[in-house]
Amino acid sequence: MPTTPRELFQQMQQRWLGHPTAHIGDLLADDAVIETPFAPPGQPTRFESKRQFLELTAPQRTAFPVRFDDCRTIAVHDTRDPNTIVVEYELTGTNTNTAKQSTATFIAVLTARQGKVALWREYQNTLAIMQALT
């Protein structure tokens, strides 16, 4: 079981790459806060619990037409809080409808508590994601 934020992020990467519809739900604390400040219009920017997050995203992930091929960690930055890291990474995926391969960059803040993700704040390159879907 992962205990540090770095180990949790490594587990998240493995899930993203392991199966096209894999989800990270079991890595989230029940009261996890998930934020995507740059979410596309009409999409929520904050979830107040694992349940709320999974209710919306699980069906979307199942229908998401991208298979993740690689997740490259650019940098992991420690913070003053040993339970929190800032991670820069790139996800490369293939659109399963068009076979087009694309890469998008992300920056995330991950806070761990008792071996689970308590906070996941992700800044996404939404333009790159939208282009990958076309």
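Hand me the GluC sites (Glu not before Pro) from the range 29-134 located in a DSSP loop with no more than 13 other Cβ atoms within 10 Å, in residue order please.
Values: sites: GLU35, GLU48, GLU55, GLU88, GLU90, GLU122; in loops: GLU48.
Passing both the DSSP loop test and the Cβ count: GLU48.
So which trypsin sites (Lys or Arg not before Pro) in the range 55-134 end up in coil per DSSP with only 13 or fewer other C-beta atoms within 10 Å? Spell out each step's value before the answer.
Details: sites: ARG61, ARG67, ARG72, ARG80, LYS100, ARG113, LYS116, ARG121; in loops: ARG80, LYS100.
Here the sparse-neighbourhood loop sites are ARG80.
Specify which residue in the list PRO37, ALA132, GLN114 is farthest towards the positive end of the charge dipole of the range 5-132, using unit charges on the beta carbon of Lys, Arg (+1) and Asp, Glu (-1), about the Cα centre.
Sorting the options by dipole projection puts first ALA132.
Mind listing the long-range amide H neighbours of PHE38? Cut-off is under 5 Å, sequence gap 5 or more, other chains count too, H placed in the peptide plane at 1.01 Å from N.
Long-range HN contacts for PHE38: GLN124.
Per residue of the range 40-49, in order, report the coupling 6.51 cos²θ - 1.76 cosθ + 1.60 (Karplus, θ = phi - 60°) as ³J(HN,Hα) in whole Hz, putting x for Gly and Pro.
Calculated HN-Hα couplings, in order: x, x, x, 9, x, 9, 8, 10, 9, 6 Hz.
Go ahead and estimate [θ] at 222 nm for the chain from helices alone: -39,500 (n - 2.57) per DSSP H run with n ≥ 4, summed, over the residue count, rounded to 500.
Numbers: 3 runs with 35 residues, N = 134.
My calculation for the chain gives -8000 deg cm²/dmol from helical runs alone.
Using just the alpha carbons, could you tell me how many Å³ per residue the convex hull of the chain encloses? The partial results should precede the final answer.
Working: hull volume 13.3 nm³, N = 134.
Considering the Cα atoms of the chain, their hull volume per residue is 99 Å³.
Whole-Hz Karplus ³J(HN,Hα) for the range 25-37, in order, using 6.51 cos²θ - 1.76 cosθ + 1.60 and θ = phi - 60°, x for Gly and Pro?
x, 6, 8, 8, 5, 4, 9, 4, 10, 10, 10, 10, x
Rounded to whole Hz and in sequence order, give me ³J(HN,Hα) for the range 4-14 from the Karplus expression 6.51 cos²θ - 1.76 cosθ + 1.60, θ = phi - 60°, writing x for Gly and Pro.
Listing the rounded values in order: 9, x, 5, 5, 4, 5, 4, 5, 4, 4, 4 Hz.
Within the range 104-125, find all residues whose amide N lies under 17 Å from a label point positioned 7 Å from the Cα of GLU48 along Cα-to-beta-carbon.
Counting backbone N atoms under 17 Å from the label point, the list is 119-120.
For the pair ARG67 and ASP31, how long in nm is the line joining their label points, each one 7 Å along Cα→Cβ?
4.1
Quick check: the distance between the Cα centres of the range 78-134 and the range 45-61, to the nearest angstrom?
Measuring centre to centre over Cα atoms gives 16 Å.
Can you give the charge dipole size of the range 22-127 about its Cα centre, rounded to the nearest 20 debye, using +1 on the beta carbon of Lys and Arg and -1 on the beta carbon of Asp and Glu?
Working: 11 positive and 13 negative charges, 32 e Å.
Magnitude of the dipole: close to 160 debye.
No lab work stands behind these numbers, since they all come straight from the coordinates. This is a predicted model, so every value here is computed, not measured. A quick note on method: Cβ atoms are made from the backbone with ideal geometry, for glycine too, and the neighbour counts reach across all protein chains shown.
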